[in-house]
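Report on one structure; see the data block that follows.
The values are calculated or read from the model by the stated rules, or taken from the named source; none is laboratory data. A quick note: this is a predicted structure, and the numbers were derived from the prediction, not measured. Neighbour counts are summed over all protein chains in view; Cβ atoms, including those assigned to glycine, are modelled from backbone coordinates with ideal geometry.
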Amino acid sequence: MNKVLAVIRREFIERVRTRAFLIGTLLVPALAGIFGYLPQALAKRQSATQGIVLLDAASGSAGADADSALAGLTFGSGTDVHPRFSVTRLPASGRLAALRDSVVATIGLKDGPESAPEGVIILTDSAIASGQLTYLGSNVTSFRDMNLLDSTLEPIIREARLRSLSADSAVIRAAGVHFRVDATKVTEGKVTGQSGEASFWLAYVVNLLMYMTLLLYGVQVMTAVIEEKSNRVVEVLVSSLSPFQLLLGKVIGVGAVGLVQLAIWGGTGFYLTTALGPRSTPMNEVGGAAPPAFTMPAVSADLIIVVLVSFLLGFFLYSSLYAAIGAMCNSQQEAQQANTPVTMVIALGMISMFALINEPSGTMARVLTFIPLFTPIVLPVRYAIAPLSVAEVSLAALTMVLAILAVVWIAARIYRVGILSYGKKPTLRELARWVRTT
């Protein structure tokens, strides 16, 4: 046992002390915070009032209403409030083409005056009838501005169209009600306040995290075996301990590194989304019409436990396979070809997420949960979407344990022969003979 602990300690310390481990462990939470909150902050940021010219060639009061609505939009808060748009309304009946060309000629110039407008809105009776306005501007790539123009002008155009059809005021008010489906997640019979979009991103992040860690640390085990085999260090090691002890120590040592890293990432996510409270951004802050928007998903403690257990069991399963592949190969090139089937299985587990999102409790999801090669990815993803019962999680874990015992038994027999075998890569018949060797 002391010999196994020595191997575990060596594998663990050798990887934890590396600069790559420290950078990766700290960088992932930092990037999660940056990509989670920074886009929202940048989307809301505006530093100057934008000029817009409204060419009004429509009959009625639609042009005046649009002018008033756009002029009433602001950005900033408290005493630092500024108008979002500076609107110049020009009557354009009978001279629309000439005014449009003259205004467009001043937009987007490299050395143009600071007072030049950002864009021009063309309002005509035909645009009101069709519901499609024309906007020509230099800021058309700004989703915030385009969504804001849509949401501000759409009710005005709708009202103008209804007035042209002689609709009474009650019909106009009724038509102004916006319809939308406000989807909120329910867990254990309680409304969580988490939107469908937030639930999707939580499942996606868990899926990607499991895929990357299983693949990364499994390949690390395979690479370590090949390096020790190629420089003949393994011949010295097996003189002091058995091949199974060496395999066990290597798998546990590398797995502990991954477990520590996942625990740090999960703890950071739990703190950011729970202790600091959920972060949400109203869409009207970034240019939309709907009041709620995206809420940062909450990472629960039980989800972290499920992720860690799934990683631990999945790592033992896949790292044993990768160790066996490393033992039967003599170079990194051979190993890259030999590990393709295992890598493809992990990738299939990741791709299955898109089926799980639609039916997290469907037949396919339940079947994949109890296929050991897919369980490490499918189980935490399903739990992130809709928490499972303790019985189902326990049964999936038990299935994994049984599969691990079978895979470790086969991998250990391949490993004990393969680490001391050199030359050409063994065939399937030779691998079967290695497994049968007592």
Practice item. Could you check I122 against (1) in contact with a helix residue (DSSP H, G or I) (Cβ under 8 Å, 6 or more places away or on another chain); (2) in a loop (DSSP other than H, G, I, E, B); (3) β-branched (V, I, T) and say which number it fails? Key: (2)
Check your understanding: List, please: which pairs have Cβ atoms under 7 Å, are six or more places apart or on different chains, and start with a residue in region 218-246 that is assigned by TED's automatic domain parsing to the domain that holds A338 and among the aromatic types (F, W, Y) and end with one that is at pLDDT 70 or above and not in a loop (DSSP other than H, G, I, E, B)?
Key -> F244/A412; F244/R416
Point to revise | Flag for A66 being at pLDDT 75 or above, in the same structural domain as S142 (by TED's automatic domain parsing) and assigned to a helix (DSSP H, G or I) | key: yes
Point to revise | Which listed residue, of A347, A365, is surrounded by fewer than 16 Cβ atoms within 10 Å (Cβ to Cβ), farther than 18 Å from K229 by Cα and touching a residue at least 12 places away in the same chain (Cβ under 8 Å) | key: A347
Revision key, fill the gap. Of those in region 301-342 that are in contact with a helix residue (DSSP H, G or I) (Cβ under 8 Å, 6 or more places away or on another chain) and free of Cβ contacts under 8 Å to residues at least 60 places away in the same chain, the residue surrounded by the fewest Cβ atoms within 10 Å (Cβ to Cβ) is A301
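Condition test on A57, is it surrounded by 13 or more Cβ atoms within 10 Å (Cβ to Cβ), over 16 Å from D145 (Cβ atoms) and in contact (Cβ under 8 Å) with a residue 12 or more places away in the chain?
It is true that A57 is surrounded by 13 or more Cβ atoms within 10 Å (Cβ to Cβ), over 16 Å from D145 (Cβ atoms) and in contact (Cβ under 8 Å) with a residue 12 or more places away in the chain.
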Review point. Which ones in region 86-105 are part of a helix (DSSP H, G or I), among the aliphatic types (A, V, I, L, M), more than 41 Å from the chain's Cα centre (by Cα) and surrounded by 13 or more Cβ atoms within 10 Å (Cβ to Cβ)?
Key: L96, L99, V103
Exercise for review: Would you be able to say whether some residue in region 195-210 is modelled with pLDDT under 80 and in a strand (DSSP E or B)?
Suggested key: yes
Point to revise | Verdict on L27 being modelled with pLDDT of 65 or more and either in a helix (DSSP H, G or I) or over 19 Å from V221 (Cβ atoms) (or both) | key: yes
Check your understanding: Would region 73-85 turn up any residue that is over 18 Å from N139 (Cα atoms), in a loop (DSSP other than H, G, I, E, B), free of Cβ contacts under 8 Å to residues at least 60 places away in the same chain and among the small types (G, A, S)?
Key -> yes
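Tell me yes or no: at least one residue of region 410-423 is more than 27 Å from the chain's Cα centre (by Cα) and polar (S, T, N, Q).
Yes, there is a match, as at least one residue in region 410-423 is more than 27 Å from the chain's Cα centre (by Cα) and polar (S, T, N, Q).
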Practice item. Might you check whether a residue that is buried (at least 17 other Cβ atoms within 10 Å of the Cβ), assigned by TED's automatic domain parsing to the domain that holds K250, part of a helix (DSSP H, G or I) and not β-branched (V, I, T) occurs anywhere in region 420-429? Key: no
Study note, to complete from the structure: Scanning region 393-415 residue by residue, the ones that are surrounded by fewer than 16 Cβ atoms within 10 Å (Cβ to Cβ) and under 23 Å from E359 (Cα atoms) total 2
**Study point:** Close pairs from region 383-412: first in contact (Cβ under 8 Å) with a residue 40 or more places away in the chain and over 30 Å from A324 (Cα atoms), partner among the aromatic types (F, W, Y) and assigned to a helix (DSSP H, G or I), Cβ under 9 Å, at least 6 apart
**Key:** A384/Y204; I385/F200
Revision key, fill the gap. Filtering region 127-141 down to residues that are over 18 Å from G63 (Cα atoms) and without any contact (Cβ under 8 Å) to a residue 12 or more places away in the chain yields T141
Exercise for review: Quick one: in region 1-18, of everything that is basic (K, R) and within 31 Å of the chain's Cα centre (by Cα), which residue is surrounded by the fewest Cβ atoms within 10 Å (Cβ to Cβ)?
Suggested key: R17
